[in-house]
Structures are given as structure tokens and as C-alpha cells.
1. Can you tally the net charge around Asp347? Count Lys and Arg as +1, Asp and Glu as -1, for every other residue whose Cβ sits under 14 Å from the Cβ of Asp347.
2. So for the range 272-372, averaging the separation of alpha carbon pairs under 8 Å that are six or more residues apart and normalising by length, what relative contact order in percent results?
3. Give me Phe80, Phe287 ranked fewest to most by other Cβ atoms within 10 Å of their Cβ, as a rough exposure proxy.
4. Around Leu83, with a cut-off of 11 angstrom between Cβ atoms, what is the net charge of the other residues, counting Lys and Arg +1 and Asp and Glu -1?
5. Using the per-residue mean of other Cβ atoms lying within 10 Å as a proxy for protection, in what order, highest first, do the peptides 192-203, 86-97 fall?
6. Express in nm, to one decimal, how much length is gained between His348 and Asp319 on full extension, taking 0.36 nm for each residue of separation and deducting their alpha carbon distance.
7. Measure up Lys217/Lys257; Lys86/Lys292; Lys175/Lys327; Lys67/Lys363; Lys78/Lys289; Lys87/Lys356 against 18 Å on the Cα-Cα distance and list the ones that go over.
8. Between Gly312 and residues 5 or more places away or on another chain, which pairs have amide H atoms under 5 Å apart, with H built 1.01 Å from N, and which residues are they?
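Every number here is computed from the coordinates shown, using simple stated rules; none is lab data. Everything quoted here is computed from the prediction, not taken from an experiment. Here the Cβ positions follow ideal geometry from the backbone for every residue, glycine too, while neighbour counts run over all protein chains shown.
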Amino acid sequence: MNRQIHAWFATFALLLVLTCAQQASSATGAAGMAAQASPAQGPALKMRPAPKPDEGNIQLDVVVTDKQGIPVTGLDLKDFTLLDDKKPAKIVSFRANNALSQRADDSTQVILLLDAVNLDYLTLSRTRDEIAKFLRQNGGHLAQPVSVLLLSNDGATVLLQPSTDGNALAAELNKTNAALRVIDRAGGVNGDSERVGLSIKWLTIIAENEAKLPGRKLLIWTGPGWPMFDRATVTPSLESVRLLFDWAVDVSTTLRKARMTLYDVSLPRHDPNLDANLLDANLYESFLKGVKTADQVQSANLDLKVIAIQSGGSVMFPDNDLATQIKRCVQDAGAFYTLSFNPPHADHADEYHELKVVIDKQKIIARTNTGYYNQP
């Protein structure tokens, strides 16, 4: 099969899976997961909730660190400049948050996701052990509530309810060996496409359900994520690219409204043949720029690492100390800033706007949502 035919089948199979995934699915698990949910609810996902009287329509959580990744505290509104499509935007509300000052709707929850869809059993088992190692750090005293989800063929199941007792969570996690069954999926392009569709679908459902709850959420995806296909060398149909674009809009919008930041941590891959027909994972940086129109979208724009960076999160370099990777991500929960603004008038649906927060200090890094889709 030559490169052109392979790319066409990859695109077609992915779009077929995404089309099927738009239908409502039964979500398993306990609190936080709806009995019936779908990531593609049409206009409902694009409606803005009514803002509080003292806040703008769009709310952003901003993590500020130095170049070593240490959180920077003590900043004030005057230190921040918000750029919307490179133009200064008025910040309507601003507050600094830390572990002592957080109000109820700024409390932060950490969600760890075990990926049984995209990991082999051995890696999945090692990942679980590393999560237990993280939970037992600091004598098992967790600064924020932590819960654990399992993504499998049946959807996202709540393995462990939120708790700050890391020792109790680790003990319960060690009892879940029977639940860690990887999916025996079809091989080749069709199997890869199925993994992509299932992963993106449930990422959106998780965020959609968490949007109903107050506070900020850090979703730490433990694994390299789903496959990233090669660029198509043929022109797909207008219907196909529109479907991918709609998913890109829905994922971005739902994560932002849920105040959910996505992180990617993973162990090194030891199988050189795994996903051999896909792009090198390091090439995700080529797709970080927001997609403005449907004719620009590719399947790689929906890669886990791309979505993580665009949500204001981060991607950790794979290594064997997964517990430390998780710890570095959770640092973002300790201190952050919340600001809001009102977007300008939109001339058309799904109007993409680039966002950037600039700090009036040297050697300071600010991370937040890198863009949003504005609606009329």
C-alpha cells in the first residue's frame, strides 16, 4: 500500500470512528460521570454560561513560573497583559490563588487517568505502580483531592473517588489489577483510528461532566495518548474536514468551560514497532497553532500533546520516574491566577482567537489557554 492510499484510509477510518462516536454513550462509574453523555451535543457546547456580575464571559486560569518551573506568587493585576489576537484586552476580574486563599469555586482537583485504550498491559501495570508511588509521597498527605479514572473500551470508569488520603488511595489502587485489561483491538489503520476516536470522545465527555462542578481541574493523562496519523496526501471531502474541525472546536471549548487543564506524562516506550506507521511523537509541536478554519484541520491537530499545550498544561518527557512527572504537574495546583475578560463581537461561528498572557517581569513564563473559539 503506497503512502497516498495509506493516508486516505487513515483519514477515512478516523472520520468513520468520530462519526459513530457522536452518538450518545452510556458512561460507567460513579460521581462526576453522567448516565448518558455525548461529546457532540451541537450548539449546547458553544453556549456561554451566564458570568458572575463581577466577571467577564471568558475565564482563564494562569500558571506563572520561573524558567525552572517554580511557581511565582505575589503578582498583581498591573503585572498582567492579556492579548486577544495580539491586541490588548481589558481584564474584567483578577484574583491570585494559593492553597490558603482559594475560595470554594477556585479549589483545585487532580484527576489521574489510566489509559487502557492506548497502553499495553505491562506499561499499564507499571503506570499504576508509579501512580501509587506518587500517592504515597509526603507520607500520603495530598495537598489537593485526587481521583483516578480508568479509560477502557467501556468508557471512563471512576476507580478511586476524590480524596486527600494518598495512602488509602494507593491501597485501593493496588486492588484494581483485575480492572487493568487492555483492549484487544483490530490492528493497522482501522485499529489506530478506533483508538483515536474512543480517546477523544471520552476526553470530551469527562470535561463536559466536570464542567458541571465548580473549581479548577488538572487532568493528568498517564500515557503517550492516541496515534498521530501522517499527513493526508489527498484532499478529503468537505464533510470530513468539517467533522474534524467541529471536534477541535468542541474539545477546546469544553475543556476551557470546565476549567480543565490537560497534562501528558508517560513511561518510555520499549516496543520499537509500536505505531511504526505513525508520525514521530516529537512532531506534535508542528501542530500547536490553533486551527482557524476547517480546511486547515488535520487529525494531528487533535493529538493529546497538542490539546494539553493548548489547554495551558504541559507535556513531560517520558522517563521511568512517572511519579515525579505527576508531582511536577500537580505543582500547578498550588498557586495560580484567575482572570476574566469579555470577547469582542464575533462575525461568524467558531471564530478562532489567539490568546497570550504577558507578565511585566523578566524570565517569567505564563501558561493558560492558547486560544478560544468565539461565537456570535
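1. Numbers: positive: Lys292; negative: Asp85, Asp350, Glu351.
Taking every Cβ under 14 Å from that of Asp347, the sum is -2.
2. Details: 66 pairs, mean separation 29.6, N = 101.
It comes to 29 percent, rounded to a whole number.
3. Working: Phe80 18, Phe287 21.
Final ranking by Cβ density, sparse to dense: Phe80, Phe287.
4. Numbers: positive: Lys86, Lys87, Lys356; negative: Asp84, Asp85, Glu354.
Within the 11 Å Cβ shell, the charges total 0.
5. Numbers: 192-203: 24.1, 86-97: 14.8.
Ranked by mean Cβ neighbours within 10 Å, highest first: 192-203, 86-97.
6. On the way: separation 29, 0.36 × 29 = 10.44 nm, distance 4.42 nm.
Full-extension gain reported as 6.0 nm.
7. Working: Lys217/Lys257 11 Å; Lys86/Lys292 15 Å; Lys175/Lys327 23 Å; Lys67/Lys363 6 Å; Lys78/Lys289 28 Å; Lys87/Lys356 10 Å.
From Lys217/Lys257; Lys86/Lys292; Lys175/Lys327; Lys67/Lys363; Lys78/Lys289; Lys87/Lys356, over 18 Å: Lys175/Lys327; Lys78/Lys289.
8. Thr370
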